[in-house]
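Take a look at the structure below.
The values are calculated or read from the model by the stated rules, or taken from the named source; none is laboratory data. As the structure is a computational prediction, the values presented were derived from the model and not from experiment. Note that each Cβ is placed from the backbone with ideal geometry, even for glycine, and that neighbours are counted across all protein chains shown.
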Amino acid sequence: MKNIPFARISDTSMGKLLLPTRIALLLLLPLSVLAQKGQYPQDAFRSPLDITLTLSGTFCEVRGNHFHSGVDFRTKERTGLDVYAVANGYVSRIKELPYGFGKAVYIDHPNGYTSVYAHIQEFSPRLEKYVEKRQYEQETFSIDLRPGKGGLPVRQGEVIAKSGNSGSSSGPHLHFEIRDKESQEPINPLYFGFDVRDDQSPVIWNAMVYNPGKGKFSSEPHELGLKRRKAGEYFIAGNPVEVNSRRIGFGVRTFDKSYGSGHYNGTYFLQLTVDGDTLYRFKGDRFAFYQTRYANAHIDYATKRKRGLTYQQLFLEPNDGFPAYSAPKNRGIVHLDDNEVHDVTISAMDQHGNRAELSFEVQYNGNKDLFSNEKVWYDQMIVPGRSATFAYDGINIQIPKGSVYDSVNLDYQRRASASYLYSPIHKIHNKTTPLHKHLTLQIQPNELPDVSRSKAVIVYRPEEGSSWRSKGGEWHNNYLQTKTRAFGQYAVKIDTIPPKVRPVNFRPYQTISSKRKLKVKIDDHLAGIDSYRAEVDGNWLLMAYDAKNDLLTYTMDEHFPEGEHKFKLIVKDQVGNETIFKTKLTK
Ligand SMILES: [Zn+2]
């Protein structure tokens, strides 16, 4: 690795060794991080691309409901770049799905690691053939194969795929992971000596002060209003910050800019020190996939949902099991047990040692009017350590242990139904409180119209005015039952409308000899697409499904022979409504 992490910190900081906080930072950081470097092989893996590696996504950055499990390498804003096996090994897993990773290859290496390459456009011809053979055998597009040791060996530097934008990717890039082969836990790929350039400091946009224990107090957090002294150095105009709570927490809105990239990536390392004492440290080393949803405990979830802004909390919720925090004191909560002024330093750092620092002072002042400290009424409390059941007229809610990150005072209300709904509108708490586990929700519908009971679904919307989305549902006696991980509004709706099917680049009874692909849009208004089947003369035909574009694509090959053929496409939604598109096409 050309960039020796954190060597540069000591160089640039020497002139500023004035405050005790800075000394503490210098002593602690290089030790803890350099220890990481020796732990992983530095020369085992070559680059998965043959261009200069730049990042459009970093390990452990916060995404919607999860932490990012790899790095995103930029691919010159296009698809089709050669993707190389980073070392010898064998393909342990290869899959193709309409969402998520899209097309992805996993390679197991003899040194105990697995490399993962996702959102790719196409596999190498050998791998493509291997997958397609099984898709035709099993008559399915969505496939997740584990070829085993002897199946598909690869050599270091072999082209295994073309980079792409498949699955839930929102632009061309290569999603790349290194995992522990045994546990399949993703590890920060930049620990393995990949030569990634980055010469820019993280940016701190703003900071927030909290009155922690959101389940117990009604007080809102307050933005501190940052000023930049120079690159990487920030202060607060209204210094010292005066607070009327003896227990406070901080949060920070930060991004990491990297070389040659306009992307705002996640910041590798965050630290909070008060009077030189480290209270909180976050560092993206590794995690397990079952822990990834703790992203919602890590961020200020309410501000995210209300304002779309991602603040990372520099204190831990009581039920936060994410492993990125080292040696927090008091969960990162600052105790102001005197009326003195205290030095606060918030540091943000990338993996190359570029850093940003916000320094200010904080002081307790009981006369300040910052937090209301108003006790919330404990009526129907959900606490992290216990399961709970709530039953009201026509609705049952079962909440497993560990569903919330802090105590929540459940707010339930109901409203009379709209004419297109078949139950009252049940308002279950609010969209700004995250849920870690699935609740089981049962709703009793009103009298249903004269259609099959199977057409009824539970629908959800976060709040008034947003559109209803299906959450499915199965019948349990007179209740529809589903599982959900979102608080908000629930009701029952009927779906009798079949999916829409629309050819994009051909017309019925057309001669299609010149076409390389057949494209069809499929879409379902409520329950969602459940399955589809394309046929030529009654034989199953492989059509790739790209869920984000509602698009089915068949790429011309020997499965559509020359001459006139019957083409048929059957699309079903989740409640069994079905559309059949039939025509003859001539090649
Ligand atoms: Zn990614």
| task | Using the structure shown, decide if Ser183 is touching a residue at least 12 places away in the same chain (Cβ under 8 Å), within 16 Å of the ligand (Cβ to nearest atom), under 24 Å from the mean Cα position of the chain (by Cα) and assigned to a loop (DSSP other than H, G, I, E, B). | result | no
| query | In this structure, is Ala104 assigned to a strand (DSSP E or B) and either within 16 Å of the ligand (Cβ to nearest atom) or of a type in the set (A, V, I, L, M) (or both)? | reply | yes
| Among the residues of the stretch 386-415, how many are closer than 17 Å to Gly321 by Cβ, in contact with a His (Cβ under 8 Å, 6 or more places away or on another chain) and crowded, with 18+ Cβ neighbours inside 10 Å? | 3
| task | Could you check, for the stretch 361-368, whether at least one of its residues is within 17 Å of Phe255 (Cβ to Cβ), touching a strand residue (DSSP E or B) at 6+ places or on another chain (Cβ under 6 Å) and of a type in the set (A, V, I, L, M, F, W, C)? | result | no
| task | Consider Gly167 carefully, then state whether it is within 14 Å of the ligand (Cβ to nearest atom) and either free of Cβ contacts under 8 Å to residues at least 24 places away in the same chain or under 30 Å from Gly112 (Cα atoms) (or both). | result | yes
| task | Assess whether Asp495 counts as being over 26 Å from Glu132 (Cα atoms), buried (at least 19 other Cβ atoms within 10 Å of the Cβ) and charged (D, E, K, R). | result | yes
| query | Quick one: in the stretch 498-528, which of the residues that are β-branched (Val, Ile, Thr), surrounded by 13 or more Cβ atoms within 10 Å (Cβ to Cβ) and touching a residue at least 60 places away in the same chain (Cβ under 8 Å) is farthest from Met543 (Cα to Cα)? | reply | Ile512
| Taking strands (runs of 3 or more DSSP E) that fall entirely within the stretch 372-469, which contain at least 3 residues that are in contact (Cβ under 8 Å) with a residue 24 or more places away in the chain? | 395-399, 425-428, 434-443, 456-461
| request: Tell me, yes or no, whether the stretch 232-251 has at least one residue that is more than 25 Å from the chain's Cα centre (by Cα), without any contact (Cβ under 8 Å) to a residue 40 or more places away in the chain and surrounded by fewer than 18 Cβ atoms within 10 Å (Cβ to Cβ). | output: yes
| query | Just checking, how many residues over the stretch 115-156 are within 16 Å of the ligand (Cβ to nearest atom) and part of a strand (DSSP E or B)? | reply | 6
| Which members of the stretch 51-84 meet the condition of being modelled with pLDDT of 95 or more, within 12 Å of the ligand (Cβ to nearest atom) and small (Gly, Ala, Ser)? | Ser69, Gly70
| said: Given the criteria in the same structural domain as Val154 (by TED's automatic domain parsing), within 15 Å of the ligand (Cβ to nearest atom) and surrounded by 18 or more Cβ atoms within 10 Å (Cβ to Cβ), does Tyr99 qualify? | reply: no
| Condition met for Ile346 (among the hydrophobic types (A, V, I, L, M, F, W, C) and touching a residue at least 60 places away in the same chain (Cβ under 8 Å)) | yes
| query | Within the stretch 512-545, how many residues turn out to be in contact with a His (Cβ under 8 Å, 6 or more places away or on another chain) and either in a strand (DSSP E or B) or closer than 15 Å to Pro499 by Cα (or both)? | reply | 3
| said: Looking only at the stretch 205-225, count every residue that is modelled with pLDDT under 75, within 26 Å of the chain's Cα centre (by Cα) and not small (Gly, Ala, Ser) and tell me the total. | reply: 1
| request: From Ala302, Ala295, grab the single residue that is outside the structural domain of Pro462 (by TED's automatic domain parsing), out of contact with any strand residue (DSSP E or B) (no Cβ under 7 Å at 6 or more places or on another chain), within 23 Å of Leu358 (Cβ to Cβ) and not in a strand (DSSP E or B). | output: Ala302
| remark: If we keep only residues of the stretch 85-96 that are part of a strand (DSSP E or B) and away from the ligand (no atom under 16 Å from the Cβ), then the residue farthest from Thr553 (Cα to Cα) is Gly89
